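These notes concern the structure reproduced below.
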Amino acid sequence: MNTLLRRSLATAAFVLAAVASAQVPTWPKATPAEVTAAGIGVQLTGIDYGNGTFVPGTYFGGTTAVPAVTPVVFTSPDGTTWTRRTLPGNGRTNAPRFFNGKFLLGVQPDGPGNGAILSSSDGVTWTSSGAISSTLNAPSTFAFGNDVYAGSVSSPIPGANQIVTSSDGVTWTPRSVFAAGSSNHVVFFNGKFYA
């Protein structure tokens, strides 16, 4: 291959690479400073947006160095400036979800069972359901449809319950949906819940 052709192909490849990289969005780091400073002593579990507010689920501790677990959320109107919010209770937070004007957040205390669900309309003030059951962990996901909130839960007792439901997002009822196993995800589409 002659030198001119090689240079032309190299130039064409460079131009294609430049065009391709221009189409990839950049992701500026906007992590709350307190989270960045905590290093491995913190977990960000997920984030959702609703009512003009970003809310990431977060917990500090739960490591050998820092065994006590402190659940918090941060709120932000723009995804850049963050304010720490205290949550009721203690334990590891799951990812928050926003449905029907309400944030929902599962919080799991140390050990199996006694999972709780927190709810908030603004991400600032949170209400706890209390333990949904002594044998149920906190929901890992939520869905909303047909005026019903649903959360997927696991249990230390296989097959005990797999779903919790609520009409208001505050009071929850455990539901057993199949004989054995546990659910780790629930979604709603086309008029039905799927777990």
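The values are calculated or read from the model by the stated rules, or taken from the named source; none is laboratory data. Since we're looking at a predicted model, the values are computed, not measured. Methodologically, a virtual Cβ is constructed for each residue, glycine included, from the backbone with ideal geometry; neighbour enumeration extends over all protein chains shown. Heads up: the accessible areas ignore ligands, DNA and RNA and are worked out on the full protein's heavy atoms, side chains in. Shrake-Rupley method; radii C 1.70, N 1.55, O 1.52, S 1.80 Å.
Taking SER154 as the residue in question, decide whether it is over 24 Å from PHE74 (Cα atoms), in contact with a Leu (Cβ under 8 Å, 6 or more places away or on another chain) and either modelled with pLDDT under 85 or part of a strand (DSSP E or B) (or both). Answer is yes for this residue. Number of residues in the stretch 50-79 that are touching a Gly at 6+ places or on another chain (Cβ under 8 Å), within 25 Å of ALA143 (Cβ to Cβ) and open to solvent by 20 Å² or more (accessible area, probe 1.4 Å): the value is 4. For the stretch 93-152, which residues satisfy the criterion of being more than 25 Å from GLY52 (Cα to Cα) and open to solvent by 50 Å² or more (accessible area, probe 1.4 Å)? Correct list: ASP110, PRO112, ASN114, ALA131, SER134. Scan the stretch 11-26 and tell me whether some residue there is over 19 Å from the mean Cα position of the chain (by Cα), at pLDDT below 90 and under 28 Å from VAL164 (Cα atoms). Among the residues of the stretch 11-26, not one is over 19 Å from the mean Cα position of the chain (by Cα), at pLDDT below 90 and under 28 Å from VAL164 (Cα atoms), which makes the answer no. Checked against (1) loosely packed, with under 13 Cβ neighbours inside 10 Å; (2) at pLDDT 90 or above, HIS185 passes all but condition (2).
Evaluate the stretch 61-78: report whether one residue or more is more than 24 Å from SER154 (Cα to Cα), in a loop (DSSP other than H, G, I, E, B) and under 17 Å from the mean Cα position of the chain (by Cα). No; the residues of the stretch 61-78 include none that is more than 24 Å from SER154 (Cα to Cα), in a loop (DSSP other than H, G, I, E, B) and under 17 Å from the mean Cα position of the chain (by Cα).
The residue that is modelled with the lowest pLDDT, counting only those in the stretch 169-181 that are closer than 14 Å to ILE132 by Cβ and open to solvent by less than 90 Å² (accessible area, probe 1.4 Å), is SER176.
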